[in-house]
Amino acid sequence: MKKVVVTGGLGFIGSNLIELLIEKNFFVLNIDKISYSSNFFNTKKFRKSKRYKFVKCDIKSHKLKNILLKFKPSCIFNLAAETHVDRSIDNASNFVQNNIVGVYNLLECFRDFSLKHKSKLIHISTDEVYGDILKGRSSEKYPYNPSSPYAASKAASDHLVSSYVRTYNLNAIVTNCSNNYGPKQHPEKLIPKLIFNIINNKPLPIYGNGKNSREWIFVKDHCEALLQVFKKGKIGNFYNIGSNKNLDNLEVTKKLLNISKKYKNLGKNVKIKFVKDRPGHDVRYALNSSKIIKYLKWKPQTSFAKGIKLTFEWYLNNREYFKSFNKNDIVKRLGNK
């Protein structure tokens with residue numbers, strides 16, 4: 001049985017990835033420092049599995065090296081990160097510490113560990129490092145041009161990983177993914193925020209004119225891609241992971257409203273409400289994912305129509321999920337990535 005580590009496994013993508021890995025008969029060690037976005041509800045389905053273990057640890061901690069030496073994973077999937085652009089605009093400090101300093105410490109610990117044990121590091125990043133893509137789609141050779149402190153911190157971490165590959169021959173790969181959606185996503189993000197407001201008869205806040213365009217991928221498709229990168233990815237390479245399908249925020253909102261009408265009567269307050277745009281808001285992200293499709297034989301399986309329906313149903317059937325968060329983290333955040 002192969003053993004792997006997932007950092008940030010109490011979060012959205014991390015917990016979905018752990019679920020997939022356990023289904024594929026991996027033994028998974030979940031390393032998470034337990035932050036505001038961590039949620040033990042996310043591990044409810046598999047926390048009693050014999051192929052799962054949780055350890056509280058910050059990736060900035062030097063204890064990380066001993067954990068790796070003891071567990072001896074064949075792969076580390078690094079999903080430990082600060083992720084919300086709005087929060088990085090409010091205060092960039094945590095993003096610098098966790099996404100840059102934390103990744104530096106992870107690389108140092110992994111470098112020491114890999115001197116004795118063969119292993120891979122998959123560093124999961126974002127399409128936001130490329131900045132505004134007004135036309136076409138950004139390939140892996142596209143220059144980085146981050147717009148927000150969040151995106152800049154992720155860009156820095158990607159460069160750190162790449163430099164360790166070249167300088168120290170580290171067995172590492174970087175992936176850059178488009179906007180994820182699906183079960184277990186924190187309601188500070190667009191889709192779960194909209195669902196929460198629809199369920200609770202609240203207005204639907206949309207930045208600016210709602211025309212900001214994002215490429216959307218169902219989280220389980222992303223997780224399948226990460227597994228394929230582990231199995232077949234080439235060391236030192238970057239892989240874009242996307243759906244090739246863009247929707248603006250207004251389109252997403254209208255699709256959610258149409259779905260929700262099939263499940264419940266909408267309250268009188270459930271209406272689109274345009275609000276002041278945030279600083280430096282990128283107009284469009286769009287990835288060219290032909291590399292992973294061609295060389296790793298992966299492609300997304302879930303259409304947005306199917307994925308958004310599954311997502312809405314999950315939140316509707318798991319309303320207690322929202323109760324596991326601080327109310328201010330839901331109410332005071334607009335929900336746009």
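The values are calculated or read from the model by the stated rules, or taken from the named source; none is laboratory data. Nothing here was measured: the structure is a model prediction, and the numbers come from that model. Here Cβ is always computed from backbone atoms with ideal geometry, including for glycine, and neighbour counts include all displayed protein chains.
Working carefully through the options Gly307, Gly280, find the one that is within 25 Å of His84 (Cβ to Cβ), over 20 Å from the mean Cα position of the chain (by Cα) and surrounded by 14 or more Cβ atoms within 10 Å (Cβ to Cβ).
Details: Gly307 fails: over 20 Å from the mean Cα position of the chain (by Cα).
Sole residue among the options that is within 25 Å of His84 (Cβ to Cβ), over 20 Å from the mean Cα position of the chain (by Cα) and surrounded by 14 or more Cβ atoms within 10 Å (Cβ to Cβ): Gly280.
Scanning the range 168-224 for residues that are acidic (Asp, Glu) and assigned to a loop (DSSP other than H, G, I, E, B) gives a single hit, Glu188.
Please determine whether any residue of the range 289-301 is of a type in the set (A, V, I, L, M, F, W, C) and part of a strand (DSSP E or B). Taking every residue of the range 289-301 in turn, none turns out to be of a type in the set (A, V, I, L, M, F, W, C) and part of a strand (DSSP E or B).
Each residue in the range 278-319 was checked for being modelled with pLDDT under 95 and touching a Phe, Trp or Tyr at 6+ places or on another chain (Cβ under 8 Å), and 2 of them qualify. The listed residues are Val165, Val219, and the only one of them that is hydrophobic (A, V, I, L, M, F, W, C) and closer than 23 Å to Phe40 by Cα turns out to be Val219.
For the range 244-265, the criterion of a residue being farther than 25 Å from Arg137 by Cβ, touching a strand residue (DSSP E or B) at 6+ places or on another chain (Cβ under 6 Å), at pLDDT 95 or above and surrounded by fewer than 18 Cβ atoms within 10 Å (Cβ to Cβ) is satisfied by no position.
Pick from the range 21-77 the residues that are more than 17 Å from Leu226 (Cβ to Cβ) and among the hydroxyl-bearing types (Ser, Thr, Tyr): which of them is farthest from the chain's Cα centre (by Cα)? Ranking the qualifying residues of the range 21-77, first place goes to Ser49.
Selection of first residues in the range 159-171 that are assigned by TED's automatic domain parsing to the domain that holds Lys118 and within 13 Å of Phe110 (Cα to Cα) and of second residues that are exposed (fewer than 15 other Cβ atoms within 10 Å of the Cβ) and at pLDDT 95 or above, restricted to Cβ pairs under 7 Å at least 6 apart or on distinct chains, gives the following pairs, ordered by first then second residue: Val165/Ile235; Asn171/Ile235.
Of the residues making up the range 127-158, those that are within 23 Å of Ile76 (Cβ to Cβ), in contact with a strand residue (DSSP E or B) (Cβ under 6 Å, 6 or more places away or on another chain) and not basic (Lys, Arg) number 3. Scanning the range 99-122 for residues that are surrounded by fewer than 21 Cβ atoms within 10 Å (Cβ to Cβ) and in contact with a strand residue (DSSP E or B) (Cβ under 9 Å, 6 or more places away or on another chain) yields Ser114, Ser119.
In the range 2-30, how many are charged (D, E, K, R) and assigned to a helix (DSSP H, G or I)? The number of residues fulfilling the criteria is 2. Just to be sure, is Lys273 within 27 Å of Tyr315 (Cα to Cα) and in contact (Cβ under 8 Å) with a residue 60 or more places away in the chain? So Lys273 fits the description; yes.
Annotation note: of Val161, Val96, Val165, the sole residue that is more than 17 Å from the chain's Cα centre (by Cα), crowded, with 22+ Cβ neighbours inside 10 Å and modelled with pLDDT of 95 or more is Val161.
Does Thr83 count as within 24 Å of Glu19 (Cβ to Cβ), of a type in the set (Val, Ile, Thr) and at pLDDT below 95?
Yes, satisfied.
Quick check, is Phe41 under 24 Å from Tyr321 (Cβ atoms), outside any loop (DSSP other than H, G, I, E, B) and hydrophobic (A, V, I, L, M, F, W, C)? Considered against the rule, which asks whether it is under 24 Å from Tyr321 (Cβ atoms), outside any loop (DSSP other than H, G, I, E, B) and hydrophobic (A, V, I, L, M, F, W, C), Phe41 comes out as yes.
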